[in-house]
Every structure is written in C-alpha cells, then in structure tokens.
Amino acid sequence: MFRFLLVLSVLVFPSAHAFACGSGKVEKFDKFFNRFVKDAQFAKNRTRYPLAVTMVEPKGQGITEASVSKEEDLYSASLGDFMQANGLGFAGVKLSKGAATVNVFRDNPPWQMGYRFTQEAGCWYLIEIEDRAD
C-alpha cells in the first residue's frame, strides 16, 4: 500500500519531486528562477507574504514602502508574462551565499526593478521587490 501511494504521489505531483529542496537538498538558483519566471503558481508558493514592495520615485521625489498580501497577488501573471507585457529585459543577477538579486529594466521610458530572494533550508523565496522609475 505504501509503495502504491508513493508511486501515485510521483505521478500526480511530479513538479513537487522535480524541484524538491530542504531536508539537506540545496536548490540551485538558476533552476529555481527559470521555473519562477514561467510558472505563476510556483512563484506564489515561493514568495514570502506579505511581500515587501519599495517604490522609488523619479529624481529623488520620495520612497513609498508597501506590502502585498497573497490574496492581493492571487491573479498576478508570471514574472515572464509581466516582463513581456511591459517591455522589460534582464539586466543581471547578483548572487551571494543565501541571497540573490535579479535586476530587470526598460530603457524608454526608463524603469528598473530589483527582485530580492533569500534561501531558507535550501529553498529560494522572493522576499522583496524594488520598483525604481527613473
């Protein structure tokens, strides 16, 4: 019976096994992020809510800090779809032990965003977005 349930869980929930982390397994950021960009549900499961959002106004006009709840984020598109819809591209990834920042940008009109991630028990999570309109 146990073997049947194990096989059934692998067939029904293959993505959970393919991207397993924790319990001594350390997830590679590039594999995590590739899925995070494409899969909105996966991204929501790997976001720490309430999500901190910092909006930096152009030319130093001010900073607004807010938070987004899981309920407010319920119908958000994937990061990849958001970037495509807004003409954003990747500017680079800064990776250090247990932390990562992914920067995206648009040239005209200028717009930069930073997505900050942390690694907890081997798994990556989005913890903050910085939205900078220049």
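The values are calculated or read from the model by the stated rules, or taken from the named source; none is laboratory data. All of these numbers come straight from a predicted model, not from anything done at the bench. Ideal geometry is used to build each Cβ from the backbone, glycine not excepted, and the neighbour counts take in all protein chains shown. To get the accessible areas, we keep the full protein, side chains included, count just its heavy atoms, and leave off ligands, DNA and RNA. Shrake-Rupley method; radii C 1.70, N 1.55, O 1.52, S 1.80 Å.
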To the nearest 0.05, what FRET efficiency results for N45 and V93 with a Förster distance of 22 Å applied to their C-beta separation? 0.55
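Given a 1.4 Å probe, how much area per residue of the range 47-134 is accessible, in Å²?
Values: 5350 Å² over 88 residues.
Per-residue accessible area for the range 47-134 comes out at 61 Å².
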What FRET efficiency comes out for M55 versus V26 if R0 is 25 angstrom and r is the Cβ-Cβ distance? Round to the nearest 0.05. 0.15
Using only the C-alpha atoms of the range 80-134, find the volume of their convex hull and express it per residue in Å³. 73
For the chain, what is the largest minus smallest coordinate of the Cα atoms on each principal axis, given in angstrom and ordered from greatest to least? 64, 31, 25
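Cα-Cα over 30 Å: which of K59/K97; K59/K94; K44/K94?
Violating the 30 Å limit, Cα to Cα: K59/K97.
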Got a number for carbon plus sulfur as a percent of the chain's accessible area, 1.4 Å probe? 57
Mind telling me which of G22, G122, G114 comes out most flexible in a GNM of the chain, alpha-carbon contacts under 10 Å? G22
Working from Cα positions, state the angle (0 to 90°, nearest 10) between the long axis of helix 2-12 and the longest principal axis of the chain. 30
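Fully extended, how many nm does the chain gain between D131 and Y75 (0.36 nm per residue separation, minus their Cα-Cα distance)?
18.2 nm
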Quick one: angle between helix 29-38 and the longest Cα principal axis of the chain, in degrees between 0 and 90, rounded to 10, please. 80
Estimated inter-spin distance, E65 and A121, nm [label 7 Å along Cα→Cβ]: 2.7
With contacts defined as alpha carbon pairs under 8 Å and 6 or more residues apart, what's the relative contact order of the chain in percent? 26
Rounded to the nearest 10 Å², the 1.4 Å probe accessible area of L74 is 90
